[in-house]
Amino acid sequence: MAETAPDRIPTPAEIKRWRQYLADERAEAAVYRDLAKRRDGEEQAILLALAEAEGRHERHWLELLGENAGAPVRGSLRNQLLGLLARRFGSVFVLALAQRSESRSPYATDVDATDAMAADESIHEEVVRGLATRGRIRLSGSFRAAVFGANDGLVSNLSLVVGMAATGVSSQVVLFSGMAGLLAGALSMGAGEFVSVRSQRELLDASQPTQVTLTAAQSLDLENNELVLVYLARGMTREAAEHRAAERMGQFSCDCDPSLSLQPENFESPDEHETLGTAWGAAGSSFCFFASGAIIPILPFLFGMTGLGSLLLSCILVGIALMGTGAIVGLLSGASPLWRGLRQLAIGMGAAAATYLLGLAFGGLIA
């Protein structure tokens with residue numbers, strides 16, 4: 001790609017496109033500077049470097065525009081939204097949106113952008129992906145529980161409500177069934193999460209090595225040194241295990257790796273993201289997230305609606321909620337929010353349709 005010759009008069013279409021590029025570069029640089037204000041250390045330096053790179057791109061378009069730069073124009077709607085979110089929140093959601101924005105750069109196919117600029121945008125996507133990944137990892141556990149709990153409540157209770165309604169029972173029975181489904185599901189989710197987290201912690205605790213080697217070493221048989229087996233079982237090489245055992249037995253005057261005297265040797269700690277939170281906290285979160293989803297399908301019945309209208313409204317409300325949760329997943333994963341939302345909607349409505357057909361079949365048998 002080559003820059004437009006300075007003696008050529010740009011067309012109105014080119015001027016318009018370049019001015020939009022200029023506005024978007026300024027908006028993206030502002031997003032990175034706003035995000036940097038909410039961070040420190042290495043992450044702040046990375047974001048400021050990205051803002052500086054966008055500044056170089058801005059200067060490229062200014063040079064091409066020359067006196068045609070005119071008054072500043074607004075960035076694209078996407079970049080305006082990014083700027084608003086960066087100023088207000090600065091969370092991983094903004095980084096995920098920025099990652100998607102960088103991936104959709106038009107510079108690779110625009111003859112007026114340089115090869116270096118197109119390469120920059122590709123690299124920027126990877127840089128932002130790395131920063132966003134840190135945030136995704138930090139919230140992965142709680143986010144999984146929130147999405148899983150809310151979607152489970154939405155889909156399971158909508159399926160229950162439409163299935164009961166299809167049998168021809170009264171709206172009051174449908175409401176009571178929905179309430180029972182909400183409470184049963186939320187309690188089941190809470191209890192299951194409690195048992196899951198508590199069991200996981202107990203397994204991890206049982207796997208942690210003890211410091212018995214500190215006290216038992218003095219009384220061990222020197223000719224049958226089973227201490228070596230301890231270190232081999234913990235993953236050390238035989239050479240390292242024998243050397244460590246000799247240290248414990250007092251055969252060396254130095255402690256060649258003092259840090260191992262203070263903590264279990266060569267034992268990798270469990271993934272912090274698998275052990276975050278308490279069993280009670282996980283149970284309470286699952287209960288609340290499930291209940292928040294499960295109450296939506298029964299809202300029309302709670303407000304006294306009956307008949308087909310209440311069922312249709314219930315499906316519409318759940319559909320909106322499913323689209324919302326799917327869009328959030330899409331945003332965080334750097335994928336299309338619309339596609340993820342439609343996928344969630346199709347799954348939820350498919351389950352509801354299946355139970356509705358079963359309800360019709362059972363209703364016919366009962367009648």
Next on the checklist: Residues that are of a type in the set (S, T, N, Q), modelled with pLDDT of 60 or more and closer than 16 Å to residue 186 by Cβ: does segment 291-314 have at least one?
Outcome noted: yes
Checklist entry - Looking at (1) polar (S, T, N, Q); (2) at pLDDT 70 or above; (3) open to solvent by less than 70 Å² (accessible area, probe 1.4 Å); (4) closer than 19 Å to residue 22 by Cβ, which is the only condition residue 79 fails? => result (2)
Checklist entry - Name the pairs whose Cβ atoms lie under 8 Å apart, with the first residue in segment 277-288 and within 12 Å of residue 195 (Cα to Cα), the second at pLDDT 80 or above and surrounded by fewer than 17 Cβ atoms within 10 Å (Cβ to Cβ), and 6 or more positions between them or separate chains? => result 283/191
Next on the checklist: Can you find a residue that is closer than 22 Å to residue 15 by Cα and either modelled with pLDDT of 75 or more or more than 21 Å from the chain's Cα centre (by Cα) (or both) anywhere in segment 38-45?
Outcome noted: no
Checklist entry - Any residue at all in segment 83-95 that is at pLDDT 75 or above and under 29 Å from residue 329 (Cα atoms)? => result yes
Checklist entry - Which pairs do you get when a residue that is in contact (Cβ under 8 Å) with a residue 12 or more places away in the chain, found in segment 101-126, comes within reach of a residue that is in a loop (DSSP other than H, G, I, E, B) and buried (at least 18 other Cβ atoms within 10 Å of the Cβ), reach meaning Cβ atoms under 6 angstrom, with the pair 6+ apart or on two chains? => result 107/113; 121/105
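The values are calculated or read from the model by the stated rules, or taken from the named source; none is laboratory data. Because the structure is a prediction, the values reported are computed rather than measured. Positions of Cβ are generated from backbone atoms using ideal geometry, with glycine treated the same way; all protein chains shown enter the neighbour counts. Note: accessible area is taken over every heavy atom of the protein model, side chains too, but ligands, DNA and RNA are not part of it. Shrake-Rupley method; radii C 1.70, N 1.55, O 1.52, S 1.80 Å.
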